[in-house]
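Visitor: Structure provided below as structure tokens; questions to follow.
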Amino acid sequence: QVQLVESGGGLVQPGGSLRLSCAASGSIFSINAMCWYRQAPGKQRELVATVTNNGSTNYADSVQGRFTISTDNAKNTVDLQMSSLKPEDTAVYYCYAQVRIRFTGPYGSYWGQGTQVTVSA
């Protein structure tokens with residue numbers, strides 16, 4: 001019913017920048033929040049950044065000051081601008097959204113398929 005599609009991953013050198021994008025489509029009545037998570041090999045998935053429908057943002061300490069999350073509520077998209085990238089930022093990045101598909105329904109959780117970000121010289 002709801003699909004999230006990420007784009008923008010790739011290989012970048014340390015200190016470089018990359019921009020990830022995620023577009024939500026389908027039966028969307030409203031979105032409460034959109035987030036970016038990441039999962040590195042052998043590690044648990046971690047929350048990187050969150051933006052709520054009122055524009056509030058929150059970041060993991062490890063990316064504070066380097067990453068910026070932004071959203072276009074009209075287009076149901078969320079971007080993650082990543083700067084000063086480090087090798088430890090290497091991971092699969094996942095888009096996540098809390099979506100209501102009906103006016104009276106609950107918010108459901110939806111995930112994208114993930115996009116690989118590799119930071120290496």
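Visitor: Using 0.36 nm times the number of residues separating Ala40 and Ile101, minus their current alpha carbon distance, what extension gain do you get? Before the final figure, lay out each step's value.
Guide: On the way: separation 61, 0.36 × 61 = 21.96 nm, distance 3.13 nm.
Full-extension gain reported as 18.8 nm.
Visitor: Just want the answer: with Cβ charges of +1 for Lys and Arg and -1 for Asp and Glu, which residue in Ala74, Ile101, Leu47 is farthest toward the dipole's positive end in the chain?
Guide: Ile101
Visitor: Out of the total accessible area of the stretch 1-114 (probe 1.4 Å, heavy atoms of protein only), what percent is carbon and sulfur? Spell out each step's value before the answer.
Guide: Values: 2860 of 6010 Å².
After summing per-atom areas, the C and S share lands at 48 percent.
Visitor: Three principal axis extents, largest first, for the C-alpha atoms of the chain, in Å?
Guide: 49, 24, 23
The values are calculated or read from the model by the stated rules, or taken from the named source; none is laboratory data. As the structure is a prediction and not an experimental result, all values here were calculated from the model. Neighbour counts are summed over all protein chains in view; Cβ atoms, including those assigned to glycine, are modelled from backbone coordinates with ideal geometry. Remember, those area values only see protein heavy atoms, side chains included, never the ligands or the DNA or RNA. Shrake-Rupley method; radii C 1.70, N 1.55, O 1.52, S 1.80 Å.
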